[in-house]
1. Restricting to segment 17-54, and then to whatever is in contact with a Leu (Cβ under 9 Å, 6 or more places away or on another chain), farther than 20 Å from THR217 by Cβ and β-branched (Val, Ile, Thr), can you tell me which residue is least open to solvent (accessible area, probe 1.4 Å)?
2. Go through GLY92, GLY109, GLY116 for me and flag whichever is buried (at least 17 other Cβ atoms within 10 Å of the Cβ) and part of a loop (DSSP other than H, G, I, E, B).
3. Quick check on segment 5-42: of everything there that is assigned to a strand (DSSP E or B) and closer than 15 Å to ALA67 by Cα, which residue is modelled with the highest pLDDT?
4. Could you list, in sequence order, the residues of segment 66-87 that are open to solvent by less than 40 Å² (accessible area, probe 1.4 Å) and either in contact with a His (Cβ under 8 Å, 6 or more places away or on another chain) or free of Cβ contacts under 8 Å to residues at least 24 places away in the same chain (or both)?
5. Within segment 190-243, track down each residue that is open to solvent by 60 Å² or more (accessible area, probe 1.4 Å) and under 30 Å from CYS51 (Cα atoms).
6. What number of residues within segment 158-171 satisfy the criterion of being surrounded by 10 or more Cβ atoms within 10 Å (Cβ to Cβ) and not in a helix (DSSP H, G or I)?
7. Can you spot a residue in segment 147-157 that is farther than 23 Å from ASN9 by Cβ and open to solvent by 70 Å² or more (accessible area, probe 1.4 Å)?
8. What are the residue pairs meeting all of these: first residue in segment 170-190, first residue in contact (Cβ under 8 Å) with a residue 24 or more places away in the chain and within 20 Å of GLY146 (Cβ to Cβ), second residue charged (D, E, K, R) and part of a helix (DSSP H, G or I), Cβ atoms under 6 Å, and 6 or more apart or on different chains?
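The values are calculated or read from the model by the stated rules, or taken from the named source; none is laboratory data. Everything quoted here is computed from the prediction, not taken from an experiment. Backbone-built Cβ (ideal geometry, glycine too); neighbour counts: all protein chains shown. Side chains are part of the model used for accessible areas, which takes the heavy atoms of the whole protein and leaves out ligands, DNA and RNA. Shrake-Rupley method; radii C 1.70, N 1.55, O 1.52, S 1.80 Å.
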Amino acid sequence: MILELDCGNSFIKWRVIHAGDATIVGGGIVDSDQSLVAEVSTLASLRLSGCRIVSVRSEEETAALCALIGQAFRVVAQVAEPAQQAAGVRNGYEDYQRLGMDRWLAALGAFHLAKGACLVIDLGTAAKADFIAADGEHLGGYICPGMPLMRSQLRTHTRRIRYDDASAARALTSLAPGRSTVEAVERGCVLMLQGFARTQLEQARALWGEDFTVFLTGGDAPLVREAAPQARVVPDLVFVGLAMACPLD
């Protein structure tokens with residue numbers, strides 16, 4: 001079994017797969033290293049043979065997690081590193097080491113699945129888009145605030161905007177003009193995300209006509225499904241690229 005980790009700044013997404021056929025044994029999202037070890041340890045018949053990690057954390061934080069994984073499960077964690085080229089994709093950044101590892105691995109995974117030109121729209125804490133040409137050239141991309149950041153900024157800098165998560169969820173049952181602050185904020189943010197997605201599609205069509213594949217990934221991908229009905233929703237796209245960047249037997 002292989003433990004796969006996608007370590008963001010706030011949360012860790014994890015899953016355990018069988019090494020042979022990549023079937024998923026278990027998975028989840030946790031907010032601390034200790035919670036990760038506790039949850040993984042609950043899996044029945046757990047026998048890890050390896051671990052691979054993609055992390056946007058500092059080197060010190062990532063090293064501490066690797067040490068904890070080694071102590072808890074007796075495996076050496078392999079961390080994905082920046083590369084100028086991998087799996088047929090050429091890194092498009094002027095300084096290839098500055099491209100976020102989550103974006104790089106999503107690009108690898110998307111190109112592997114598409115076998116051609118593709119657009120990756122990743123909607124998490126930040127909203128990100130990346131363009132990969134049919135020959136594997138990463139053309140660059142865009143980053144802007146995602147739903148969590150937009151919501152947080154409005155709550156932080158506007159005193160009268162106060163509401164809980166349950167109210168936010170109820171507000172998203174429709175995108176009609178909001179008749180309360182929570183509806184106005186939540187629906188406005190969704191419309192901004194949908195506008196972001198539509199703009200990326202326009203850019204892709206200008207580049208490639210209709211000969212490209214669109215991938216939606218990230219926790220808020222369902223919110224823009226209407227804006228990109230042709231897209232393939234692949235929640236674990238980063239893990240697809242991680243397996244390519246860090247192959248384990």
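1. VAL40
2. Values: GLY109 fails: part of a loop (DSSP other than H, G, I, E, B); GLY116 fails: buried (at least 17 other Cβ atoms within 10 Å of the Cβ).
Of GLY92, GLY109, GLY116, the one residue that is buried (at least 17 other Cβ atoms within 10 Å of the Cβ) and part of a loop (DSSP other than H, G, I, E, B) is GLY92.
3. Result: LEU5.
4. Matches in segment 66-87: CYS66, GLY70.
5. Filtering segment 190-243 down to residues open to solvent by 60 Å² or more (accessible area, probe 1.4 Å) leaves 191-192, 198-199, 202-203, 205-207, 210-211, 219, 222, 225-226, 229-230, 232-233, 235.
Result: GLY219, PRO222, ARG232, VAL233, PRO235.
6. Adding up the residues that qualify gives 4.
7. Start the filter on segment 147-157 by keeping residues that are farther than 23 Å from ASN9 by Cβ, which leaves none.
Checking segment 147-157: not a single residue is farther than 23 Å from ASN9 by Cβ and open to solvent by 70 Å² or more (accessible area, probe 1.4 Å).
8. That search, which allows pairs on different chains as well, returns LEU172/GLU186.
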